[in-house]
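S.K.: The structure follows.
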Amino acid sequence: EAGRKLFAGEKDFLKGVVAMSGLPPDDRIEVCFAGRSNVGKSSLINALTGRKGIARASNTPGRTQEINFFTLAESHYLVDLPGYGYANAPLAVVEKWQRLLKQYLSGRQSLRRAFVLIDARHGVKKVDEEILTLLDKSAVTFQAVLTKADKVKAAERDKVMAQVRKRLSAHPAAFPEIVVTSSEKGDGIETLRAIIATLI
Ligand code: GTP
Ligand code: MG
């Protein structure tokens with residue numbers, strides 16, 4: 001179907017951006033992946049594209065320090081964002097990424113939807129709320145994606161789902177459907193591809 005077809009097309013790393021002035025022209029529709037450091041953003045892009053090393057993933061939080069653009073099917077972008085909520089880097093450096101992240105999330109015309117990744121073991125944290133509120137204010141529709149589903153039992157995951165659902169209900173920009181994924185096992189990847197295909 002549409003999702004498989006879209007992701008079967010060309011996909012490549014385009015560029016890493018460290019300032020708003022470096023963003024590519026906003027003439028393609030894009031979706032981005034936001035979330036706490038280490039939640040699995042880069043791994044999810046690898047799983048979606050079926051190209052393991054296209055986005056650099058790592059066990060070290062704070063791996064992605066730029067806004068990375070990946071071309072998709074010649075007229076779209078997937079956007080991998082630096083994580084937030086990571087306190088273990090020099091403050092000046094963290095503040096620089098956070099400022100860029102917030103500028104991007106609140107001022108990108110061509111951003112069709114933000115996928116906000118939430119660890120299936122941990123649920124929505126205080127640092128997530130700040131981003132969700134920013135997305136509300138910027139009128140950017142966001143959709144929650146639970147990550148690392150392979151690391152939790154179904155009962156625990158359902159508890160986290162309920163917590164996430166409750167938190168989302170307070171956010172006008174939240175899209176109600178939550179996607180459960182495992183980049184490791186492939187769960188939810190086809191579903192997410194199909195969702196992206198409906199957006200672009
Ligand atoms: P930053 O760029 O630092 O913000 O992190 P990120 O959100 O891009 O996370 P990344 O994709 O680098 O993954 C962090 C760690 O989680 C890596 O060790 C991944 O292998 C692991 N990981 C990511 N997704 C999954 C998953 O679905 N299952 C399991 N078991 N591990 C995962
Ligand atoms: Mg990353």
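Just so it is clear, none of the values below were taken in a lab; they were calculated from the coordinates. All values reported here derive from a predicted model rather than from experimental measurement. Using ideal geometry, Cβ is built from the backbone for each residue, glycine included, and neighbour counts are taken over all protein chains shown.
S.K.: Among ALA194, GLY35, ASN68, pick out the residue whose Cα is farthest towards the positive end of the charge dipole of the chain, where Lys and Arg carry +1 and Asp and Glu carry -1 on C-beta, about the Cα centre.
M.R.: With unit charges placed on the Cβ atoms, the residue in question is GLY35.
S.K.: Name the lysines eligible as straight-distance cross-link partners of LYS148: C-alpha to C-alpha under 19 Å, and not fewer than 8 places from it in the same chain.
M.R.: Straight-line reach from LYS148, under 19 Å: LYS41, LYS52, LYS125, LYS159, LYS185.
S.K.: For the chain, set up a Gaussian network in which alpha carbons nearer than 10 Å are linked by springs, and say which option among SER21, SER75, SER183 fluctuates the most.
M.R.: SER21
S.K.: Contour minus end-to-end for ARG112 and ALA89, with contour as 0.36 nm per residue of separation and end-to-end as the Cα-Cα distance? Each step should come with its number before you reach the end.
M.R.: Details: separation 23, 0.36 × 23 = 8.28 nm, distance 3.06 nm.
5.2 nm is the gain from fully extending ARG112 to ALA89.
S.K.: If you don't mind, another one. Just subtract the alpha-carbon distance of ASP12 and SER58 from 0.36 nm times their residue separation and send over the number in nm, one decimal. Before the final figure, lay out each step's value.
M.R.: Working: separation 46, 0.36 × 46 = 16.56 nm, distance 1.94 nm.
Contour length minus Cα-Cα distance gives 14.6 nm.
S.K.: With N residues in the chain, what two-decimal value do you get for its Cα radius of gyration over 2.2 N^0.38 Å?
M.R.: 0.94
S.K.: Let me ask you something else. Among the aspartates and glutamates, select those whose C-alpha is under 19 Å from the C-alpha of LYS11, and discard any that sit fewer than 8 residues away in the same chain.
M.R.: Cross-link targets: GLU1, ASP26, ASP27, GLU30, GLU66, GLU74, ASP80, GLU190.
S.K.: Relative contact order of the range 76-171: what whole-number percent is it, with Cα pairs under 8 angstrom and at least 6 residues apart? Each step should come with its number before you reach the end.
M.R.: Values: 83 pairs, mean separation 28.9, N = 96.
In percent, rounded to a whole number, it is 30.
S.K.: Comparing GLY40, GLY22, GLY188, which has the greatest mean-square fluctuation in the GNM of the chain with Cα pairs linked when under 10 Å apart?
M.R.: So, out of GLY40, GLY22, GLY188, the one fluctuating most is GLY22.
S.K.: Based on DSSP H runs of at least 4 residues, each adding -39500 (n - 2.57), what is the mean residue ellipticity at 222 nm of the chain after dividing by all its residues, to the nearest 500 deg cm²/dmol? Kindly include the intermediate steps, with their values, before the conclusion.
M.R.: Values: 6 runs with 71 residues, N = 200.
It lands at -11000 deg cm²/dmol.
S.K.: Of ALA149, ALA120, ALA73, which is the most mobile in a GNM of the chain whose springs link Cα atoms less than 10 angstrom apart?
M.R.: Per the Cα network of the chain with a 10 Å cutoff, ALA73 tops the list.
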